[in-house]
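S.K.: Can you read through this structure? Questions will come right after.
The values are calculated or read from the model by the stated rules, or taken from the named source; none is laboratory data. Bear in mind the structure is a predicted one, so any value in this text is a computation, not a measurement. Here the Cβ positions follow ideal geometry from the backbone for every residue, glycine too, while neighbour counts run over all protein chains shown.
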Amino acid sequence: MTAPGPSSDRSRRRHLVRALLALVVAAAGVACGSRGGPTASVTTSTTTEDTTPATAPRQTSAPRWETVSTFTGTGNGTTPVFEILKDAIQWRARWKCESGNIRIDSDPKKERHPEPTVDSSCTGATAAPDKAVGYGIVDGKVKLVVKATSAWEITVDQQIDVPLMEPPLPGMDAGKVLGQGDFYDIEMKGKGKAKLYELPDGSLALRFEDFEVSSNTDLFVWLSESPSPRTSKDAVEAPYEVLANLKSTVGNENYVLPPGFSRDRVKSIVIWCAPVRIAYTAAILAPPS
């Protein structure tokens with residue numbers, strides 16, 4: 001009997017999501033805690049589509065939400081169109097409206113998605129914005145049909161598990177590397193390199209290259225004053241600053257430090273899981289030789 005390949009694995013997973021979509025949504029906050037979604041101001045996704053040949057094993061990251069587009073309008077008649085990656089697990093529409101009701105259909109012909117993505121009063125969105133979300137599993141080109149009685153805003157995100165491949169930030173090529181180091185295991189596996197840059201305008205930025213950490217959601221990037229954290233206790237007892245949610249558990253990614261943040265306060269980088277209070281991996285930032 002031939003073992004299933006990556007394509008059949010993806011197909012099985014997508015069918016499972018279709019069958020248990022409600023459970024997936026309800027369980028989205030488990031594992032390492034509940035992760036906040038992207039901001040509504042982002043209008044296009046920076047995701048690099050996975051082009052790995054179908055015959056090769058497909059590298060994946062922990063599932064994450066990335067914004068595709070944000071649409072605004074008033075009343076009926078608007079039909080926003082967006083593209084969902086073929087390997088996306090699911091997508092969601094986060095919505096706001098001023099008054100009355102809103103209905104959002106993602107498949108007006110009811111061929112693949114018979115129920116409306118959203119059918120709600122605007123009052124509910126105001127009272128509980130975390131509930132103002134509709135989900136879909138159709139990939140490729142999607143057209144929404146919006147019917148509303150007031151002004152509205154819809155932000156579409158897709159949940160993906162492809163590695164994040166961000167290019168270096170502008171200025172990194174001309175910037176100065178203040179410190180760098182390889183990630184090493186603490187409570188979980190970690191590898192890749194962390195580099196702290198001073199950009200030409202004087203700001204500080206962090207870049208991870210060929211990064212990989214044990215798959216999970218709700219991980220955070222800490223700027224630590226510990227010169228060599230080797231345990232979770234070392235990490236939590238040293239002064240630190242929470243920089244951001246970890247963007248992806250696999251790939252190349254950039255983080256901009258707060259304005260005026262002192263380089264002297266950044267001796268190491270820790271990837272931390274807050275709900276269970278453990279350090280997954282860390283990198284010591286030593287001056288380049």
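S.K.: So which residues in region 218-233 are surrounded by fewer than 20 Cβ atoms within 10 Å (Cβ to Cβ), under 15 Å from I278 (Cβ atoms) and in contact (Cβ under 8 Å) with a residue 12 or more places away in the chain, if there are any at all?
M.R.: Correct list: F220, R230, T231, S232.
S.K.: What single numbered condition from (1) in contact (Cβ under 8 Å) with a residue 40 or more places away in the chain; (2) crowded, with 19+ Cβ neighbours inside 10 Å fails to hold for L246?
M.R.: (1)
S.K.: Given the residues V270, V276, which is the only one that is touching a strand residue (DSSP E or B) at 6+ places or on another chain (Cβ under 8 Å) and either among the charged types (D, E, K, R) or touching a residue at least 12 places away in the same chain (Cβ under 8 Å) (or both)?
M.R.: The unique qualifying residue is V270.
S.K.: Might you check whether a residue that is closer than 15 Å to I278 by Cα, surrounded by 15 or more Cβ atoms within 10 Å (Cβ to Cβ) and free of Cβ contacts under 8 Å to residues at least 60 places away in the same chain occurs anywhere in region 194-203?
M.R.: no
S.K.: Here is a follow-up. Does S214 meet the test of being within 16 Å of the chain's Cα centre (by Cα) and more than 15 Å from E166 (Cβ to Cβ)?
M.R.: Taking the combined requirement at face value, the residue satisfies it.
S.K.: With respect to the numbered conditions (1) farther than 22 Å from D201 by Cα; (2) among the aromatic types (F, W, Y); (3) surrounded by fewer than 20 Cβ atoms within 10 Å (Cβ to Cβ), which one is the sole condition not fulfilled by Y280?
M.R.: (3)
S.K.: Against the conditions (1) touching a strand residue (DSSP E or B) at 6+ places or on another chain (Cβ under 8 Å); (2) farther than 23 Å from V250 by Cα; (3) assigned by TED's automatic domain parsing to the domain that holds N216, where does G202 fall short? Just the number, please.
M.R.: Every listed condition holds for G202 apart from (1).
S.K.: Going by the conditions given, is G100 modelled with pLDDT of 70 or more, outside the structural domain of N216 (by TED's automatic domain parsing) and at positive phi?
M.R.: Against the criterion (modelled with pLDDT of 70 or more, outside the structural domain of N216 (by TED's automatic domain parsing) and at positive phi), G100 qualifies.
S.K.: Now, a different point. Scan region 114-147 residue by residue and report those that are without any contact (Cβ under 8 Å) to a residue 40 or more places away in the chain and assigned to a strand (DSSP E or B).
M.R.: Across region 114-147, the qualifying residues are V118, D119, S120, S121.
S.K.: Separate question: Does region 148-180 hold any residues that are assigned to a strand (DSSP E or B) and under 23 Å from L206 (Cβ atoms), and which are they?
M.R.: Matches in region 148-180: I160, L164, M165, K176, V177, L178, G179, Q180.
S.K.: Using the structure shown, decide if M172 is over 19 Å from P63 (Cβ atoms) and not aromatic (F, W, Y).
M.R.: So M172 passes the test.
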